[in-house]
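Take a look at the structure set out below.
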Amino acid sequence: MHTILITGATGQLGGTVIDFLTHNSAELKLKALARNPEDEKAKALTAKGVEVVYGDYDKPDSLKEAFKGVDKLYFVSASDIEKRVPQHHNVVNAAREAGVKHIVYTSFARKNETESSPIYMVAEAHLKTEEWIKASAMTYTILKHNLYMDFVPFFIGENVFETGLYLPAGDGRAALLTRSDMARVGAAVLTGAGHENKEYNVSSDESVSYKDIAGYLSEISGKEVSYTSPDPQEYHNTLKKAGVPEEMIGVSLGFALATAQGELSETSHIFEELTGKKPLRVKDFLKSVYGK
């Protein structure tokens, strides 16, 4: 029986991967990494029959102990962008030293890998982590995730029907997938065969622009929803005056400019190939969020 360990297990992505694995396969020994095995989310995993083990990305010895006997490791990238580089180094080293056979890493979709990329603040740790994984003795699968569709409401704001869309994304397009569909791909890779030393562009088979999104919202609401793509500096100043934290402005601006520059536009059929299903469409996602 294969042993699979999921990191980020009490988070949304890792937790959803576990849901798919527990529902679809009884032939696995499933472990979940948690910084606090006694919190409610960790206890909920235990109730599902998942073995919760202690591990902290900042503490290499805890990771090495947690990874012992693991055949496949689903490595969810750390959420703290500033600490990601040393944390990811800890995870890859611990996995290698513990004898993990195969590592499945949640990386990101991109075209520009240089510091000129508007999302280089996100890219840096991912690029280094991919290098470390490839230099290790472990086989790997690198999942190059596009932007989560789930972030669209965050980027367009709570009052979008009153204000319209205001984002410097130009006419750029993005092949968005939901976090749940990303997790379904991860579960398929963990339980499938033939994924050794492969890199997958985990994107939708359709790409959409924010003008498209404005059109979908107009259909959903029955009133015209506009889309304005301002100058990046104007956008920054407007959000700053509105009291939006600088870090949030930076993330929104970075992904908007990445979209404008075509960084996220590449489509893929990998979701259907690996899962046998169709991904959730942006229009249907927006209906589920705003069509109530």
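Derivation of every value follows stated rules applied to the coordinates shown; laboratory data play no part. Since we're looking at a predicted model, the values are computed, not measured. So basically every Cβ, Gly included, is an ideal-geometry build from the backbone, and we count neighbours across all protein chains shown.
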Subject >> Helix runs (DSSP H) in the chain reaching 15 Å along axis by Cα, Kyte-Doolittle at least 1.0 >> reply: 246-260
Original post:
Can you give the relative contact order of the chain as a percent, counting alpha carbon pairs under 8 Å and 6+ residues apart?
Top reply: 18
**OP:** Would you mind giving the three semi-axes, in whole Å and largest first, of the ellipsoid equivalent to the range 2-145 according to its Cα gyration tensor?
**Re:** 25, 16, 15
**OP:** For the range 218-278, run through the chymotrypsin sites (Phe, Trp or Tyr not before Pro) and keep only the ones in DSSP coil with at most 10 other Cβ atoms within 10 Å of their Cβ.
**Re:** none
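Which order do the peptides 56-66, 239-249 take when ranked by the mean count of other beta-carbon atoms within 10 Å per residue, highest first?
56-66, 239-249
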Subject >> Under 5 Å, built H, 5+ apart or other chain: amide partners of Gly164 >> reply: Ser226
Subject >> Over the chain: Kirkwood hydrodynamic radius from C-alpha pairwise inverse distances, Å >> reply: 20.0
